[in-house]
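Working notes, beginning with the structure itself.
The values are calculated or read from the model by the stated rules, or taken from the named source; none is laboratory data. Here the structure is a predicted model, which is why all the values come from computation and not from measurement. Please note: Cβ atoms are built from the backbone with ideal geometry, for glycine as well, and neighbour counts cover all protein chains shown. Heads up: the accessible areas ignore ligands, DNA and RNA and are worked out on the full protein's heavy atoms, side chains in. Shrake-Rupley method; radii C 1.70, N 1.55, O 1.52, S 1.80 Å.
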Amino acid sequence: MRGVSFLGERKLQILECPDPAPGPHDVIVEIKASGMCGSDLKFYRATGGETAALGLGKLEGPVIAGHEPCGVVAAVGSKVDERAAQIGARVMVHHYSGCGVCQHCRSGWSQMCVAGSTVYGVTAHGAHADYMKVPAHTLVPLPDELSFTTGAAVSCGTGTAYAALRRMNVGGAHTIAIVGQGPVGLSATQLAAAMGARVIALDVNAERLARAKEFGADAVVDPKADDAVLAIRALTHGAGADLTLDTSGAAAGRLTAVRATRAWGTVCLVGEGGDVSLDVSRDVLRKQLTIIGSWTFSKIGQAECASFVAKRKIAVDHLFTQRWQLAQAEDAYRLFDRQSSGKGVFVMS
């Protein structure tokens with residue numbers, strides 16, 4: 001089979017590997033769609049130390065990339081219960097695996113395993129391939145109403161946005177400002193609008209702001225052209241947004257999110273890496289602000305996101321502006337690296 005592996009410094013290779021065989025508790029997923037996530041770029045661009053900086057340990061040997069897997073069960077191990085996996089089942093993968101017995105693992109948060117977790121596509125072979133071997137417990141059913149590409153989006157970017165919005169209990173009474181309209185931010189705009197919220201979308205890219213309007217944003221703000229905090233206050237009768245979500249991971253974006261939130265409001269941070277400096281008294285204490293972090297989603301949350309998308313008939317597929325074959329991986333990541341267009345996905349025939 002073929003698999004895409006990042007070499008760092010904006011280089012990759014397409015490996016030729018033996019087809020995987022399942023261990024007793026494993027399944028083999030024939031990949032139908034594998035999404036490209038902004039966090040993949042950390043490893044695509046890497047000059048060394050990126051996985052350690054994220055607390056994910058060291059890599060040994062080439063690892064197949066891709067952590068937004070969706071496909072069909074092609075083989076099952078000898079000890080896999082038929083209730084967990086059946087050949088031909090349409091599935092997503094919760095792309096983490098832990099010890100299976102700690103509190104976090106048992107509640108579906110295996111990425112928070114006290115013994116450390118495997119991250120598929122980062123520290124173990126991922127989904128930019130024809131086939132992927134994973135433990136049966138990582139599988140999440142894909143509703144029949146959803147396409148494989150939608151399932152790939154839910155398996156990371158869209159699922160991450162959904163989990164953050166649920167952490168903030170977004171509803172129809174809220175105005176939410178969403179900083180960054182990359183794949184996660186645009187997913188958040190789409191989902192928050194479906195939850196009934198009034199959405200203010202922020203980005204410095206005109207194309208992304210135009211897409212945010214298409215995905216349900218009520219207003220858009222370009223921080224390069226306007227003072228973003230003042231613009232959000234003008235759109236909220238001087239109060240600020242009830243909720244803000246930063247997906248940019250940039251210090252300036254995080255600071256905007258904090259300062260654009262009204263008194264007693266909530267800020268949620270999902271963008272990985274970096275830092276931010278705050279005037280704690282002015283920016284947080286005297287506004288009675290709540291600041292929370294949200295890291296991806298649980299296995300249960302992934303299933304809930306898929307169900308929400310299916311029931312509301314949300315057009316998640318529209319996130320994808322490019323569809324690629326594995327053989328086109330170099331061109332795909334070269335374009336994605338510019339971070340100026342939409343989301344890409346590898347589709348396997």
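Looking at the structure I just gave you, is residue 290 open to solvent by less than 60 Å² (accessible area, probe 1.4 Å) and at pLDDT 95 or above? Before the answer, list the steps.
Numbers: open to solvent by less than 60 Å² (accessible area, probe 1.4 Å): no; at pLDDT 95 or above: yes.
So residue 290 fails the test.
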Residue count, the stretch 1-52 (criterion: touching a Phe, Trp or Tyr at 6+ places or on another chain (Cβ under 7 Å) and farther than 23 Å from residue 296 by Cβ): 7
For a quick check of your reading of the model, give me the residue pairs whose first member lies in the stretch 1-15 and is under 13 Å from residue 42 (Cβ atoms), whose second is open to solvent by 40 Å² or more (accessible area, probe 1.4 Å), with beta-carbon atoms closer than 6 Å and at least 6 apart or on different chains. 10/45
Pairing a residue in the stretch 100-128 that is assigned to a helix (DSSP H, G or I) with any residue that is of a type in the set (A, V, I, L, M, F, W, C) and surrounded by 15 or more Cβ atoms within 10 Å (Cβ to Cβ), where Cβ atoms lie under 6 Å and the two sit 6 or more apart in sequence or on different chains, gives 104/112; 104/113; 105/113
What pairs come up if the first residue lies in the stretch 263-276 and is within 8 Å of residue 246 (Cα to Cα) and at pLDDT below 95, the second is buried (at least 21 other Cβ atoms within 10 Å of the Cβ) and among the acidic types (Asp, Glu), and their beta carbons are under 9 Å apart, counting only those six or more places apart or on different chains? 271/246
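So which of 51, 149 is open to solvent by less than 30 Å² (accessible area, probe 1.4 Å), of a type outside the set (A, V, I, L, M, F, W, C) and modelled with pLDDT of 95 or more?
Working: 51 fails: modelled with pLDDT of 95 or more.
Answer to the selection: 149.
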If we keep only residues of the stretch 320-342 that are modelled with pLDDT under 95 and hydrophobic (A, V, I, L, M, F, W, C), then the residue farthest from the chain's Cα centre (by Cα) is 335
Restrict the check to the stretch 129-146 and report whether at least one residue is in contact with a Leu (Cβ under 9 Å, 6 or more places away or on another chain), not in a helix (DSSP H, G or I) and not hydroxyl-bearing (Ser, Thr, Tyr). yes
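Being closer than 27 Å to residue 173 by Cβ and in contact with a strand residue (DSSP E or B) (Cβ under 7 Å, 6 or more places away or on another chain) is true for just one of 255, 245, 285. Which residue is that? Reasoning before the result, please.
On the way: 255 fails: in contact with a strand residue (DSSP E or B) (Cβ under 7 Å, 6 or more places away or on another chain); 285 fails: in contact with a strand residue (DSSP E or B) (Cβ under 7 Å, 6 or more places away or on another chain).
Being closer than 27 Å to residue 173 by Cβ and in contact with a strand residue (DSSP E or B) (Cβ under 7 Å, 6 or more places away or on another chain) holds for just one of 255, 245, 285, which is 245.
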Is it the case that the stretch 263-273 has a residue that's under 19 Å from residue 180 (Cβ atoms) and surrounded by fewer than 19 Cβ atoms within 10 Å (Cβ to Cβ)? yes
Looking at the stretch 196-243, which of its residues are over 20 Å from the mean Cα position of the chain (by Cα), part of a helix (DSSP H, G or I) and crowded, with 24+ Cβ neighbours inside 10 Å? 228, 232
Give the residues of the stretch 1-44 that are part of a loop (DSSP other than H, G, I, E, B), touching a strand residue (DSSP E or B) at 6+ places or on another chain (Cβ under 6 Å), aliphatic (A, V, I, L, M) and open to solvent by 30 Å² or more (accessible area, probe 1.4 Å), sorted by residue number. 1
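Residues checked against (1) closer than 20 Å to residue 40 by Cα; (2) of a type in the set (D, E, K, R):
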position: 247; (1), (2): yes, no
position: 254; (1), (2): no, yes
position: 260; (1), (2): no, no
position: 276; (1), (2): no, no
position: 281; (1), (2): no, no
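Of all residues in the stretch 171-187, how many are at pLDDT 95 or above and closer than 23 Å to residue 94 by Cβ? Break it down into steps so the answer makes sense when it comes.
Looking only at the stretch 171-187, we keep the residues that are at pLDDT 95 or above, and these are 171-181, 184-187.
Applying the additional criterion that residues be closer than 23 Å to residue 94 by Cβ yields 184-187.
Residues in the stretch 171-187 being at pLDDT 95 or above and closer than 23 Å to residue 94 by Cβ: 4 in total.
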